[in-house]
Structures are given as structure tokens and as C-alpha cells.
Ligand SMILES: C[S@@+](CC[C@H](N)C(=O)[O-])C[C@H]1O[C@@H](n2cnc3c(N)ncnc32)[C@H](O)[C@@H]1O
């Protein structure tokens, strides 16, 4: 029987990367189209993002928001902190974090899809978010210094990675001692069958790559972080196939806080 990590390694990495890039290029350029998942301000408000802060953020970033939960209550970001967002997309969470850490703080968004990065960079200039920067990179191999970040955040992204262990090791590496990993992601109650986990289209739709939740929490702990708090989010997929898979395998969205020991 294959371990969860072995199954994750089995998907064709190149095909997966291309599918994910294709999907999120469309999300950046055409947020008005219907995807497997909900997007935009309606989603953000249902996930409990405070409307008063959303009002301060670039509207086009909110339109392309494709996260799966709200975790800024767990993150408790402070003025002046350095925050890294893994898979920053069109930048809504980077701008949200930038609003909270203020001009004395710094937020870096990391993404591999150039259309997402171009959109987020343009918005940071147009809306005057000088403390927000965006780097083209893989979250499995961040070009950031050891022990530099107060908080690493991520929303709806790590399920898309074919090497989640490596992502958590990288998050642990860049965090300061006492720093926080705070994320929202899709996990499952039972391990997904290979017909789903090896299907690159379902993977790109945030379903195929979802890991069994206890295995997911163990990977975080093995990277040197301690899981402190987990909560379930009011998140639902839109398409019938995605809804069916959610029911069959207990697919759910969670937010969690983990700390570097
Ligand atoms: C579901 S979207 C979420 C975007 C953003 N966090 C949000 O809430 O709107 C996933 C994003 O992660 C990026 N991504 C996926 N896998 C990645 C990887 N291995 N390295 C860097 N970026 C990745 C995609 O390009 C896409 O922009």
C-alpha cells in the first residue's frame, strides 16, 4: 500500500504544473467566468472577511480571489511584521496583510503563474501598496532567507502542490522561531482513490491533490512546526462533480495555525 506522500509524488508533475497555470491564468484574466469553485467578494464575505477592510483593497484583486477560508483571525498580524503569502494569485490576501502590517511592515507574495503576478504587481502600484511585493517562484523552493518571516500565510494553494512536505519544510525554514504558519486549504476525511488523485484536471480544481487531514497535520509537524488550532470553513465547491467528490470523500476546507518551535 502506498503512503500518502508516495501517491502525491506519482502525479505527472509537468502536466500538473501546466494545468494549474492554465487554470489560474484564466482566473486572473477572466474572473467573470464560472469555474468549479466560487470566487470574488461574495465568497470572501461568506468566508467572514470583514467588509470594512475589503473596501480598502483593490477591487480587481477581490474579483479574482479564489481562496477557501479566512485565517487572518488566527494570524493576528501586527504592525511592522514581515509576512509571506504562498500562492498569492491576484494578491487579495497580500493586500489584506499589507493593510494590517501597515507601511512599516512588508508582505511578499509568491506565485508561479505570470498572469497572476502581473495583475498583482500592477495593482500594488496603482493602489499605492508599497509594502507589498510579488516574486515569481515555486512555493517548494522559495528564494527567501532562513528565519526571516514573522508569518507565512497561504489560501487554497498547498493542495495543488505535488510535494507538500517540501512546502512545509520551506515554510518552517523561512519562519523565525515563534513565527506562525497560518493557512486555509482543502483536506479530506479519507485518502482519495488513485482515479481522483492521479487526475490532473481534478487536481487543478483543488480536489485531486487534497490530502487526508491527519496525514496533512503530520507533515506540518514533521517540518518542525506545532499545529495549535484548526477550524472548519463554510466553503463549498460549485460543480456537481466537485460536490459529489466532496460528499464521497469528506472533502472540506480548514484553516489552521501552526507555530515554529
Ligand atoms: C487557488 S489559487 C489561490 C490564489 C490566492 N491565494 C487566492 O486566495 O486568491 C492558487 C494559486 O497558487 C499558485 N500556485 C499553485 N501551485 C504553486 C506552486 N507550486 N508554486 C507557486 N505558486 C503556485 C497558482 O498559480 C495560483 O495563483
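How much FRET efficiency would the formula 1/(1 + (r/R0)^6) give for residue 218 and residue 25, where r is the Cβ-Cβ distance and R0 is 35 Å, rounded to 0.05?
0.60
So what is the relative contact order for region 45-111, in percent, with contacts set as C-alpha pairs under 8 Å and at least six apart?
Relative contact order for region 45-111 comes out at 34 percent.
So between residue 229 and residue 199, what do we pick up on full extension, going 0.36 nm a residue minus the alpha carbon distance?
Taking residue 229 through residue 199 to full extension adds about 7.7 nm, to one decimal.
Under the classification rounded if a/c is under 1.5, otherwise prolate if a/b is larger than b/c and oblate if not, where does region 26-137 fall, given a ≥ b ≥ c as square roots of the Cα gyration tensor eigenvalues?
Oblate shape, in that a/c is at least 1.5 and b/c is the bigger or equal ratio.
Sort the following peptides by mean Cβ neighbour count (other Cβ atoms within 10 Å, averaged over residues), highest first: 25-37, 152-164, 184-196, 102-114.
152-164, 102-114, 184-196, 25-37
I'd like the distance separating the alpha-carbon centroids of region 113-135 and region 39-54, in whole Å.
Here the answer is 20 Å between Cα centres.
Relative contact order of region 72-111: what whole-number percent is it, with Cα pairs under 8 angstrom and at least 6 residues apart?
This gives 52 percent for region 72-111.
Restricting to Cα pairs below 8 Å that are 6+ residues apart, what does the relative contact order work out to for the chain? Please round to a whole percent.
Taking the mean separation of contacting Cα pairs over the length of the chain, I get 22 percent.
Mean residue ellipticity at 222 nm from the helices of the chain, using -39,500 (n - 2.57) per DSSP H segment of n ≥ 4 over the full residue count, to the nearest 500 deg cm²/dmol?
-11000 deg cm²/dmol
Testing the spin-label approximation: label points 7 Å from Cα along Cα→Cβ at residue 236 and residue 78. State their distance in nm.
4.0
We did not get these values from a lab; they are worked out from the coordinates using the rules stated. This one's a predicted model, so the numbers in the text were calculated from it and none came from an experiment. Here the Cβ is made from the backbone with ideal geometry for all residues, glycine too, and neighbour counts use every protein chain on show.
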